[in-house]
Amino acid sequence: MTRKLTRRRVLAGSTTALMASGMASGFVTAAKAAPPAESITPQLIEAAKKEGKVTWYSSVDLALAEKVAKGFEARYPGIACKVERSGAERNFQRIGQEYASKIYNCDVVNSSDAAHFIIWKRQSMLAAYVPEDVARDYPEAHKDPDGMFASWRITLSPIAYNTKLVKAEEAPKSFADLLDPKWSGKMVKAHPGYSGVVMTSTQQLSRDLGWSWFEKLSKQKIMQVQSATEPPKKMLAGERAIMVDGGEYLLILMKEKNDPIEIVYPTEGTPLISGPSGIMANAPNPNAARLFQAWSFTAEAQQLNIDVAGLRSAHPKTRDHAGARKFSDIKVLREEPAVVADKADEIKAQYTKYFKV
């Protein structure tokens, strides 16, 4: 039987190993300074072409992941990009189990749960690599000081509703409004045990609204799904009228197609979830991994994420998606990846206690 690799077990193993080497830390293991930034050179491209492929683990919507892969392949012919898409929590478990068995399939990993990168960094599972764009353009808050990862995407998790089922004047404007009995049996939400977006948003909401809010919400006959990509689709299909949480980028694309949905940025603030990307220390295709990582952080690739997928970006040279609310005008909640890293198992247990799933 395969032993389930919880974050608590990962952290316990990490702490034991670090204490043995005399380098235990209460936050992130003390590391070297970030290496010098690297640009995309003809030599890197040639070395990547010799490897011929890169395997990318990601938790973004599969349609977007495949478009990113095709964009990379079009930019660098001769290098195939294999997408392994699953929920962030599932990918986290998979990578942990693979590394425990000394199986190294993943070259580059992107997760909607920034806490995963803190854990992988503690475990020395990431390779230090700083793309030129990251060093030059990205805010300090969106790049690891030791060069292990940076925010490849930013996702918001707002409320939304189906305009065919809910009138604008009656729609909820806050998370508190979702507790109104009139919404009982009419809401859908994703699960923190599967989705990194929802794990992070759950931590932020439990901190700012209290677990009592979740306890009351659990009595509202919620439709529970897994991925943060599912609530927008269930809502659009009319299976539920209101989305409690989920990826804003899917909603932006729906509105662009004139689908009957409306986004609500709650008065309390909207959960913000950074989605870092990093290279695995034992990447089987290290040159192709560096090329993919470097390309994916350019303004060109980041704008592709925005234009094609409706994501947000930390790259200052990008523009918001046409028709989307300006990023700087949205009140967002504070992200705490280190808290999620250390308390994820507690968060999932508390959530399960109330929602029984």
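For the range 58-119 versus the range 250-286, the spacing of their alpha-carbon centroids is 16 Å.
Send over a whole-number figure in Å² for the accessible area per residue of the range 253-357, probe 1.4 Å.
Per-residue value: 41 Å².
Under 5 Å from the amide H of ILE261 lie the amide H atoms of THR163, each residue being 5 or more positions distant or on a separate chain, with H modelled from the backbone and absent for Pro and chain starts. Taking every protein chain into account, the 1.4 Å probe leaves ARG290 with about 60 Å² of accessible area, to the nearest ten. Estimated at the nearest 10 Å², the accessible area of ARG334 is 140 Å² with a 1.4 Å probe. Straight-line cross-link partners of LYS143 among the lysines, defined as a Cα under 20 Å from its Cα and at least 8 positions apart when in the same chain: LYS32, LYS121, LYS317. Among 117-126, 93-102, the peptide with the highest mean count of other Cβ atoms within 10 Å heads the list, and the full ranking is 117-126, 93-102. Ignoring ligands, DNA and RNA, what percent of the accessible area of the chain is carbon or sulfur (1.4 Å)? On the chain, the fraction of accessible area on carbon and sulfur atoms equals 52 percent.
Exposure check, 1.4 Å probe, all protein chains in place: VAL308 carries approximately 50 Å² of accessible surface. Cα-Cα pairs above 37 Å in the chain: how many percent? Above the 37 Å cut-off, the chain has 18 percent of its Cα pairs. Straight Cα distances below 14 angstrom link LYS233 to the aspartates and glutamates ASP61, ASP245, GLU248, ASP259, GLU262, with same-chain residues fewer than 8 positions distant left out.
A Gaussian network model of the chain, with springs between Cα atoms under 10 Å, assigns the largest mean-square fluctuation among ILE273, ILE242, ILE222 to ILE222. In this structure the range 156-206 gives 33 Å² per residue of accessible area when probed at 1.4 Å with all protein chains present.
By definition, a body whose alpha carbon gyration tensor gives a ≥ b ≥ c is oblate when a/c is 1.5 or more and a/b is not larger than b/c, and the range 220-357 fits this oblate description. Kindly identify the range 222-290 as rounded, prolate or oblate by the Cα gyration tensor criterion: order the square roots of the eigenvalues as a ≥ b ≥ c, call it rounded if a/c is under 1.5, otherwise compare a/b with b/c, prolate if a/b is larger, else oblate. Prolate, since a/c reaches 1.5 and a/b exceeds b/c. Residues in the range 269-275 carry Karplus couplings, in order, of x, 9, x, 10, 10, 7, x Hz; the curve used is 6.51 cos²θ - 1.76 cosθ + 1.60 with θ = phi - 60°, and Gly or Pro positions show x.
Extending 7 Å from the Cα toward the beta-carbon at both ALA299 and SER124 defines two label points whose distance is 4.0 nm. The packing ranking of peptides 145-154, 189-198, 251-260, highest mean first, is 189-198, 145-154, 251-260, where packing means the average number of other beta carbon atoms within 10 angstrom of each residue.
The values are calculated or read from the model by the stated rules, or taken from the named source; none is laboratory data. Just so you know, these numbers come straight off a predicted model, no measurement behind them. Virtual Cβ from ideal backbone geometry, glycine too; neighbours counted across all protein chains shown. The area values use the complete protein model at the heavy-atom level, side chains included, leaving out ligands, DNA and RNA. Shrake-Rupley method; radii C 1.70, N 1.55, O 1.52, S 1.80 Å.
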